[in-house]
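Q: Below: one structure in structure tokens.
The values are calculated or read from the model by the stated rules, or taken from the named source; none is laboratory data. As the structure is a computational prediction, the values presented were derived from the model and not from experiment. A quick note on method: Cβ atoms are made from the backbone with ideal geometry, for glycine too, and the neighbour counts reach across all protein chains shown. Please note that ligands, DNA and RNA were not included when accessible areas were found on the heavy atoms of the full protein model with its side chains. Shrake-Rupley method; radii C 1.70, N 1.55, O 1.52, S 1.80 Å.
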Amino acid sequence: MKNKYFFVVFILTFISCSRQFHLADISTRTYRIEKASFPVDVEAAALIEPYKIQLDKTMNEIISINEEELVKGKPSSTLTNWFTDILLAETQNYYNGLIHFAIQNYGGIRIPFLAKGHVTVGKVYELMPFDNIIYIVVMKGDKIQLMCDKLAESGGWPVSKGIYFEIAYGKAKNIKINDQPIDLTKSYTVAVPDYIANGGDNMDMFKDAEITNTGMFIRDLIMKNLKANHKKGMTIKPNNEKRIVEL
């Protein structure tokens, strides 16, 4: 028993006196992986080539002409105005009643600008890579007020024509819908992505609203609109309307 005691003491003493190693420093470096860094697998390339040609043909299709660069920004911008106006127009084509306005979460528009010139199918995929569906939501004015307050907290979101408000001290004020002051007891109809309607970005004011799932992908709506207008010879023109104004 006595020997066992000394053995334990010896082990503990040995451990306590042994050298301890600690991480002294970290350095990071970025390595760029170049295409030329790897040998071409001729067999794999030949297998992929027919699919690549077909994909390039689809993605490089020109479906519109943009006359001026559209830029994404807050509280309002040319890119967000253009995007949400298409959501409103295309959802209105689907719905028999009046849709008062459309909104889109800011992060859902994935490019910072749409360059002047040709707009391709591939560019629309860059703009909206997610398979979000447009929903139609009926909600009371008091819920619209909460929604606008939420948009105001983050400095503004993309909104279509049909809604206007000002931001003062992080809250929405002077809200107008179709140029009329908001009625907190009245029902309004709004086109929104399913992500928002389902409470994404803490937009929980939609949870108890009357919701219609259109089943239409937002990306498809954008392409449908551009293709139809392109066929008519119409181009994309910037709209710099100030729909949200920070005081």
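Q: Tell me, what is the 1.4 Å probe accessible area of residue 187, in Å² to the nearest 10?
A: 50
Q: How big, on average over all directions, is the shadow cast by the Cα convex hull of the range 172-247, in nm²?
A: On the way: hull surface 30.1 nm².
Answer in nm², one decimal: 7.5.
Q: Compare 110, 243, 29 by solvent-accessible area with a 1.4 Å probe and give them largest first, with all protein chains kept in place. Each step should come with its number before you reach the end.
A: Details: 110 130, 243 5, 29 180 Å².
Listed by decreasing accessible area, they come as 29, 110, 243.
Q: For the residue pair residue 68 and residue 51, what label-to-label distance in nm results when each label sits 7 Å from Cα along the Cα-to-beta-carbon direction?
A: 4.3
Q: Compute the whole-percent fraction of alpha carbon pairs in the range 109-203 spaced more than 21 Å apart. Provide the component values of the computation, followed by the final result.
A: Numbers: 1859 of 4465 pairs.
I get 42 percent for the Cα pairs in the range 109-203 exceeding 21 Å.
Q: Dividing the alpha-carbon radius of gyration of the chain by 2.2 N^0.38 Å (N being the number of residues), what value is obtained?
A: Working: Rg = 27.4 Å, N = 247, 2.2 N^0.38 = 17.9 Å.
Rounded to two decimals, the normalised Rg is 1.54.
Q: List, in the order given, every pair from 72/123; 123/227; 72/237; 161/231; 207/242; 52/116 whose Cα-Cα distance in the structure shown is over 20 Å. Before the final figure, lay out the partial values.
A: Details: 72/123 15 Å; 123/227 13 Å; 72/237 15 Å; 161/231 24 Å; 207/242 29 Å; 52/116 26 Å.
Over 20 Å Cα-Cα: 161/231; 207/242; 52/116.
Q: What number comes out for the charge environment of residue 113, summing +1 per Lys or Arg and -1 per Asp or Glu over other residues with Cβ under 12 Å away? Don't skip to the end; give the middle numbers.
A: Numbers: positive: 72, 110, 116, 123; negative: 68, 69, 126.
Once positives and negatives cancel, what remains is +1.
Q: Please list, ordered by chain and number, the residues whose modelled amide H lies under 5 Å from the amide H of residue 113; skip anything fewer than 5 residues away on the same chain.
A: 72
Q: Do any GluC sites (Glu not before Pro) in the range 160-247 lie in a DSSP loop with no more than 16 other beta carbon atoms within 10 Å, and if so, which? Mind dumping the intermediate values first?
A: Details: sites: 166, 210, 241, 246; in loops: 241.
Filter output for the range 160-247: 241.
Q: So, one more: Summing +1 for each Lys or Arg and -1 for each Asp or Glu, what net charge is found among the other residues whose Cβ lies under 11 Å from the Cβ of residue 127? Please report the intermediate quantities before stating the final value.
A: Values: positive: 72, 110, 123, 219; negative: 126.
With Lys, Arg at +1 and Asp, Glu at -1, the net is +3.
Q: Within the chain, which DSSP H helices have Cα atoms that stretch 15 Å or more along the helix axis and a mean Kyte-Doolittle hydropathy of at least 0.0?
A: Details: long enough: 2-17 (23 Å, 1.30); 42-59 (24 Å, 0.15); 78-94 (25 Å, -0.12); 141-153 (18 Å, -0.30); 218-231 (20 Å, -0.69).
What comes out of the filter, once short or polar helices are dropped, is 2-17, 42-59.
Q: Whole-Hz Karplus ³J(HN,Hα) for the range 189-199, in order, using 6.51 cos²θ - 1.76 cosθ + 1.60 and θ = phi - 60°, x for Gly and Pro?
A: Calculated HN-Hα couplings, in order: 10, 10, 9, 9, x, 4, 4, 6, 4, 8, x Hz.
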